[in-house]
Structure formats: C-alpha cells, structure tokens
Amino acid sequence: MALPLSVSFVGGEHGTWEIERLVAVRGQALVDAPRLAVVEGSQAVSAGAVWVLRGITSNERYVERPERQALLARQEPLGRPEATCAALIPISKSPEWWELTQDERRAILEARSRHIEIGLSYLPAVARRLHHGRDLHEEFDFLTWFEFAPAEVGAFEELVGRLRETEEWAYVEREVDIRVTR
C-alpha cells in the first residue's frame, strides 16, 4: 500500500483548473471561486484562497480483496493528458452513518447500494481518488476527485446520478458538486 498522501483543494484566484460550476447538492454551499488548485504533500497553500478543503488518502476501508484487485486492474492514473474535465465532490455523512459499525456501513455501501460495483462499471474512463477529511477533523468527511475526458462527461453524470439514488446517499447531509476544466 502506498503511503498516505495529504492533498489540499484550494478554491481561489490561482490553480490549474477553471471552476465551471459549483453547486450545493445538499446542505451549505461553498463560496464561489474562479480557479481550483490541487496541492499534494506539504506544499504551501497560496495566499488569497477563498476556501481550502483538506484530505488524506488512506487504506480502503470498505473494499474487499477481489474488489480492490478489480479496481487496480481497471483504474487509470490521474493526470492523463486527455482528462481535461474533473469533478471535486466533497461529502459529509450524518451522525447516524458514523454510529453504524464498519460491517453495517459496508452492507449499506456495497451489499445494498452497490457503490463499488457501480464505480467499477465506469472504469477506466473515469479516474478517481478518495481523500478522507474526517480523519483530519476537516469540514467534509470525504473529498472525491474524478478526472475524465470531455467525451466521458455523460458517463460521469450517469455515474453520479446512479450513486445519488442509492440507500447510502440517504446518509449524506452535505454535498457540493464542483466541476472544473483545464
């Protein structure tokens, strides 16, 4: 397993990504910003940031070995030249979610909602990386970063729509959908 990676998503005047859309799906929105910088590691976050969302990569908590192997076999890396579209979707789940045991959350996430199975069906077109903010006591529990080519925008919309229809999403109390291009 790779070492955890600290990542900051910085909304402000600077960054590789232009923010095309920033929408509150549930709960409070974030302040509008024109650009998004993705800062990995311990690099300093630029002054003038409107908001900074921090997360860390971590072990895969709900994935079983065969699912992990399938993900690794099909997952494309981030930073592909053709992936000029991306989405940052910060999510916080309800206290009821966190009161469940790990196996109860797994049952909702995969046995009933098919989260991993749904995600697998959109690989390799949509690359993704999950960042845990809850571990850092941040504003959002999860920061999910997706990258894809312009031709895959429809597939990405379908992926997000399918996930939002699941039982798991009943536990989401805050979600912001940020779409960017470079």
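Just so it is clear, none of the values below were taken in a lab; they were calculated from the coordinates. Just so we're clear, the structure is a prediction, and the values are computed from it rather than from any experiment. Neighbour counts run over all protein chains shown; Cβ positions are idealised from the backbone, glycine included.
Annotations
- Per DSSP, loop GluC sites (Glu not before Pro) in segment 105-182 with at most 11 further Cβ within 10 Å: 165
- Sites residue 155 and residue 52, calculated FRET efficiency, Cβ-Cβ separation with R0 41 Å, nearest 0.05: 0.85
- Between helix 65-74 and the chain: long-axis angle, C-alpha atoms, 0 to 90°, nearest 10: 40 degrees
- If R0 is 25 Å, the Cβ-Cβ spacing of residue 70 and residue 165 corresponds to a FRET efficiency of close to 0.65.
- Mean-square fluctuations from a GNM of the chain, with a 10 angstrom spring cutoff on Cα atoms, peak among 90, 81, 150 at 81.
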